[in-house]
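Here the structure is laid out as structure tokens; the discussion comes afterwards.
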Amino acid sequence: MPYRAPLAGWGRYPVRECTVWQPITTQALHETLMPLPSVIARGNGRSYGDASMNVDATIDMRRLDRLITFDEATGVLVCEAGVLLSDLVASLVPRGWFPPVTPGTRMVTIGGMIASDVHGKNHHAAGSFCDHVDWFDLDLGDGRVMRCSPSENADLFAATCGGMGLTGIIVRVSFRMLKIETAFVRQRTIRVPDLDEALALFEQSHGSTYSVAWIDCMATGKSLGRSAILLGEHAKLTDLDPARLAAPLVRRSRKPKTIPIDFPNFALSGFNVRMFNHLYYAMQRPGDAVVDVDPYFYPLDAIFEWNRIYGRQGFLQYQSVLPLAESAKGMRRLLEAISAAGAGSFLAVLKRMGPGSFGMLSFPMEGYTLALDFPATSDNFALLERLDAITADHGGRVYLTKDARVSPERFAAGYPRLDEFRNLRAQYGLDRRFSSLLSQRLGL
Amino acid sequence: MLASPVLILGARSDIGRALAKAYAAKGCEVILAARGDISADATDLALRTEAKVRSVSVDITDGAADAFFDSLGVVPGTVVMVAGLLGDQAESAANDETAARVMDSNYNGPARYLLAAARRMANVPDACIIGISSVAGDRGRASNFIYGSAKAGFTAFLSGLRNAHAKTGLHVMTVKPGFVRTQMTAGMKLSPVMTAEPEQVADAIIKAQDKKSDVIYTLGRWRLVMTIIRAIPEPIFKKLSL
Ligand SMILES: Cc1cc2nc3c(=O)[nH]c(=O)nc-3n(C[C@H](O)[C@H](O)[C@H](O)COP(=O)(O)OP(=O)(O)OC[C@H]3O[C@@H](n4cnc5c(N)ncnc54)[C@H](O)[C@@H]3O)c2cc1C
Ligand SMILES: NC(=O)c1ccc[n+]([C@@H]2O[C@H](COP(=O)([O-])OP(=O)(O)OC[C@H]3O[C@@H](n4cnc5c(N)ncnc54)[C@H](OP(=O)(O)O)[C@@H]3O)[C@@H](O)[C@H]2O)c1
């Protein structure tokens, strides 16, 4: 039976009362969909804005979370789309397998990872998640369930990878896990004083499996873009000291800390944020270390419900990517606009991306991407529009899974295959049936 | 000691699933029992935990408890009765058949299945029977007394069974979870401080089984709340809307 509940994305803006269905088998899902005129799938609600909300019918996928087969020889996993990445990490890391691509939180579903075609710190080398997907079954809501892969129904495959749930509901997935020897990462931390050096270092680091920069978005002038760059490799057995070698695949569990209350707004004053950025930068000790997979890949998961730090009003995340040739100029302008507004966020992330994906609406393109949070105030809505303009000037695009406010025009300018996507939705009769607050806002 | 195999009756429920995961993670062999086919859940659990897991089909209101246990092929070390039915109070009050279904699913069925289990488990080392009852059985209230009274009967049943087996090896535990975020309560506006996650309930049950506790409130605060509710004099209580 459906029920009504207020829903929001991770940014807690916007919040809307939605009718929620939670089928417990793929067959029950299939039967639920048939009579519903307009639906959207919802994974674990870790997209930031309004992508996984439909006021009339939101399908909560989290009960469709069964592992179906796992081949220990090849790492091929078949599972239902509501499986949480955190559950996979918990059960498969001890057996020597890691997700081929992982976002900065493990609290996401596999379906959500496909619908956003998520990227990780290895995008420059490994591509995005959908590059590791062999096939999935897509329920079109009208009785058809289609097996989609690069060779079978390839058009639906390309539209669904990064398609934000607007081409049907992914029910079953097959993808390839990555073999690891240990549950540790060899990390190298390098501090760079400004943006140019940060970009130069990324360009020299293509050989690193993982790379990401925490950028101090409150630094100005000559320090604009100063960053701590973290490079990483899965540690081999030979990298471990004897204590760790005794149990190389065991993750040390830590109890997550909880943000117990919504922070009051003054906690986010420019001064506090500036101090935080300053301290965070100073804390990143340069040098080499062997660290656990969890703090390396999922530092924020150690703080349960950290989104409450931005208070009751919620927050906006801004993430855009600029093509390589424009990155140096464009990133400088983005950072200048942000620091001038004095509206920086606790953590800003800069990352080099590899070539773009086959997904029609996939976000990645070869170049640099910047991601950061802002409290949802009217000043910041205006600031983000200025950032949109800079992104557009330099031929970039914004990431839909982080978005709650971009205009249809700015969005469309960044996605050249949008018409192809729209045509495919119409051709398969999906354009009315699958819709979210995001698709309604952007006229998708 | 957690005695294997662990039979979970009502394994499709959120609490049942959380229990199955928790027992499997502790290395127990698990038998999932639910209406219809839940073999996919058994496959899932075995893949996740590398524990030995199988599934069987059961309807606890079918009056065939002995046949069910005979067909299992083993005598379980632990049996957890999770199955239950909240139903709709207004519907149950209006319709005899609906009321009977709530009564059967929360009292007759569970009691008869656990009696059949107890007949077989009395001499199994560390054997344990666990019944999920409810704080709703602590005092009848207008808003849910058909469910509540069946749970009250189930609570009394468990207490009697525990008493009857005080001298055999069989331990009997009563669990009163308070609010739990599950399918049963989906969409209800529940006070966050009084509501547990299914995983919390599962952990509390396994810890309590290890300690051989008799009656547990999986969220301790509920013990206090229910003590107060039970202490309200009837002339006042009957006028309250609870
Ligand atoms: C702390 C944090 C860090 C993050 N870091 C990164 C990062 O490094 N890289 C990155 O790429 N992203 C990142 N993200 C974003 C996140 O990975 C994506 O938003 C992801 O899609 C969330 O998955 P979900 O299961 O929570 O999906 P939801 O947020 O519930 O849904 C997201 C989209 O997927 C669709 N969807 C979900 N399930 C299905 C399904 N079964 N079938 C069809 N459509 C479906 C929804 O309709 C919606 O459009 C981060 C998010 C957080 C909170
Ligand atoms: N959620 C709470 O707040 C709460 C509080 C106190 C106590 N409890 C108790 O906890 C237990 C689990 O409930 P839940 O919250 O997890 O809700 P639930 O998901 O509704 O679980 C009830 C389960 O009982 C099963 N069941 C009902 N009748 C059955 C029958 N005749 N034969 C076999 N199985 C049957 C159902 O199986 P089907 O899938 O086949 O329908 C369902 O899986 C129940 O006993 C409930 O009374 C819950």
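The values are calculated or read from the model by the stated rules, or taken from the named source; none is laboratory data. The shown structure was predicted, so the numbers you read here are calculated from the model rather than taken from an experiment. Glycine also receives a Cβ, built like all others from the backbone with ideal geometry; neighbour counts cover every protein chain displayed. Heads up: the accessible areas ignore ligands, DNA and RNA and are worked out on the full protein's heavy atoms, side chains in. Shrake-Rupley method; radii C 1.70, N 1.55, O 1.52, S 1.80 Å.
Odds and ends about this structure:
- Top-ranked residue of region A:91-101 - restricted to ones that are under 20 Å from the mean Cα position of the chain (by Cα) and touching a residue at least 60 places away in the same chain (Cβ under 8 Å), ranked as surrounded by the most Cβ atoms within 10 Å (Cβ to Cβ): A:PRO99
- Inter-residue pairs, beta-carbon under 7 Å, first over 11 Å from A:SER320 (Cα atoms) and in region A:396-423, second open to solvent by 40 Å² or more (accessible area, probe 1.4 Å) and part of a loop (DSSP other than H, G, I, E, B), 6+ apart: A:ALA404/A:TYR13; A:PRO408/A:GLY443
- Of all the listed residues (A:THR182, A:THR189), the sole one being out of contact with any helix residue (DSSP H, G or I) (no Cβ under 7 Å at 6 or more places or on another chain) and of a type in the set (S, T, N, Q) is A:THR189.
- In region B:167-182, the condition of being in contact with a Cys (Cβ under 7 Å, 6 or more places away or on another chain), open to solvent by less than 30 Å² (accessible area, probe 1.4 Å) and touching a residue at least 12 places away in the same chain (Cβ under 8 Å) is met by at least one residue.
- Hits in region A:151-201 (condition: in a strand (DSSP E or B) and of a type in the set (A, V, I, L, M, F, W, C)): A:ILE169, A:ILE170, A:VAL171, A:VAL173, A:PHE175, A:LEU178, A:PHE184, A:VAL185, A:ILE190, A:VAL192
- Flag if A:SER86 is in contact with a Ser or Thr (Cβ under 8 Å, 6 or more places away or on another chain), of a type outside the set (D, E, K, R), in a helix (DSSP H, G or I) and under 25 Å from B:VAL53 (Cβ atoms): no
- Some residue of region A:44-60 being within 14 Å of chain B (Cβ to nearest Cβ) and open to solvent by 30 Å² or more (accessible area, probe 1.4 Å): no
- Residue satisfying all of: in region B:15-28; open to solvent by 50 Å² or more (accessible area, probe 1.4 Å) and touching a Leu at 6+ places or on another chain (Cβ under 7 Å); nearest to B:ILE206 (Cα to Cα) among these: B:LYS26
- Hits in region B:29-49 - residues which are more than 8 Å from chain A (Cβ to nearest Cβ) and either open to solvent by 30 Å² or more (accessible area, probe 1.4 Å) or in contact with a Gly (Cβ under 6 Å, 6 or more places away or on another chain) (or both): B:GLU29, B:ARG35, B:GLY36, B:ASP37, B:SER39, B:ALA46
- Being touching a Gly at 6+ places or on another chain (Cβ under 6 Å) and not aromatic (Phe, Trp, Tyr) is true of A:LEU64.
- Test for A:LEU88: is it at pLDDT 95 or above, surrounded by fewer than 23 Cβ atoms within 10 Å (Cβ to Cβ) and under 29 Å from A:ILE303 (Cα atoms): yes
- The residue that is least open to solvent (accessible area, probe 1.4 Å), among those in region A:64-80 that are away from ligand 1 (no atom under 16 Å from the Cβ) and more than 12 Å from B:ARG48 (Cα to Cα), is A:GLY75.
- Residue pairs meeting the criteria (Cβ under 9 Å; at least 6 apart or on separate chains; first within 14 Å of chain B (Cβ to nearest Cβ), in region A:166-179; second within 16 Å of ligand 2 (Cβ to nearest atom)): A:VAL171/A:THR26; A:VAL171/A:LEU29; A:VAL171/A:LEU64; A:ARG172/A:THR26; A:ARG172/A:LEU64
- Scanning region A:180-201 for residues that are within 16 Å of ligand 1 (Cβ to nearest atom) and either within 14 Å of another protein chain (Cβ to nearest Cβ) or over 30 Å from A:GLY111 (Cα atoms) (or both) returns no hits.
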